[in-house]
Every structure is written in C-alpha cells, then in structure tokens.
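Here's the structure, in structure tokens; my notes come after.
Every number here is computed from the coordinates shown, using simple stated rules; none is lab data. Everything numeric in this text was worked out from a predicted model, so none of it was measured. Here Cβ is always computed from backbone atoms with ideal geometry, including for glycine, and neighbour counts include all displayed protein chains.
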Amino acid sequence: MNQQKLSGSGWSNSLTEKQRETVIANSVIVEFAAFETIVKQGVAASHILFLEEGMAKLSVSDKDRITTFKIVPGGTFIGLMCSFVKRSFDFSAVAIKPSKVRMIDRDVFEDLIRHNGDFAVEMVQMMSLATNKIVHDLIYLSHKNADGALCTIILELVRIFGIHSFQLPFTRLELADMIGYSKESVIHTLSSLQRDGIIEVSGKNIKVVDQKRLELISKHG
C-alpha cells in the first residue's frame, strides 16, 4: 500500500512538493512481523528502504558466520550507505519487532539526487554519519575486554529500545562476533553480570538492574 505522507526525521524536507508526490507514487509500504526477513543479502537492490515504523538489525553473512553491524530504529533508512555500492544488497535486514518499510524505486531515488542538490547533500551527510558511527563503534569495541564490550552493547540496546527490559535481537554467537570474543566469553560475562546483580538474564530476555555499574564496566573494561 502507498501512504500519502512521507514520515521520518525530515529526510524529505529538501524535496519539492512535486518530488514528494513522485516518491509516494513510486513507493510501497510493506509490513513485516517480528523476526521476519526484510531483505536478504545478495538479492537485487531495486528499491531504497526506509523504516517507517519498528526496528531492524542489519547483518552480513560470510560462509558460516553472521555478523550484525547495526540496529536500525524507526524513522531511518535501512543500509543507505550500502545501497549504492552495487546493484544487489550486500547485507541482510531482519525486523526485530513489527515494522513498516517504505520501498522506494531506486531509479526514482537516484533521479532525485541528480536533480536536487540540497537533497543530495543531505543524503551524503546521512550516509557519512552512519558510516562514521559504525567505524567509531567498531574501533571502540576493539579496545575493550569482553566485559567492557558486552556492557557497551547492552547499554546501546537500552538506548535504542528506550527501556531497561528487552529481548536480545541476536544469538549468543552473533553477539560474540559483534564484540570480537568467543561465544563462551559472552556466556561467562552474562552469567557474571547476573551473579553480581547488574542484569537479569532469562534466555534472550535481558533486564538491566544496575545501569550505573554497567556504565562503569563499559567505560573501564
């Protein structure tokens, strides 16, 4: 279905009214259930994806390993910084909770960039900020021990979800790949944090009990 209004954090403000109408006419909104695949790595990239509502995780598969590199909240593009590299998606996106995705015709989107300089600059800035954050986060985590890295990820999830109790959007193995440590290290650290009364763990469910201590470990670990 089409939606007669472009939602999000002002990404379409630099478009003319006619250009907004063109985007609406050449896009469709698709609803996804929690944990449903939005796009699969290797599929032809015929659309630019904008997450109207919900939340998604982006990951890259390499042989038998799946590495999650970004959590995307509602009101943002899905993998925009990867969308113009080649004509197929080099990442997968999975909904973390019920989500609505606007799929915009790629050719129409590229035409907007060619003919609207302000919009083009805004897209470049958006991609640069996203890329910078990913690189910064990877470098930051690489300087942490297992405890510090895991606490940093948990705090980031608290920020993204906006609550202190949530379900981990990835497996223990994916979490291990994110922080660069073994699955056993992740399991050991989660158990230690629970034993010390900092978090509560039940399967994939996490509850942050003592955020201040979590922040201290994240900072100094």
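Points worth noting:
- Nearest 10 degrees, 0 to 90: helix 146-161 Cα axis against the chain principal axis: 40 degrees
- In the calculated pair-distance distribution of the chain, the portion above 23 angstrom amounts to 51 percent of the Cα-Cα pairs.
- Per residue, the average separation of C-alpha pairs within less than 8 Å and at least 6 apart gives the chain a relative contact order of 20 percent.
- Cα centre as origin, Lys/Arg/Asp/Glu Cβ charges: the stretch 17-139 dipole, Debye: 340 debye
- Cα-based reach from Lys212 at 26 Å (exclusive), listing lysines while leaving out same-chain residues under 8 positions away: Lys70, Lys133, Lys144, Lys183, Lys204
- Reachable lysines from Lys18, criterion Cα separation under 20 angstrom, eight or more residues apart if same chain: Lys5
- Ratio Rg/Rh [Cα only; Rh per Kirkwood] for the stretch 17-139: 0.96
- Dividing the C-alpha radius of gyration of the stretch 144-220 by 2.2 N^0.38 Å, with N its residue count, gives 0.96.
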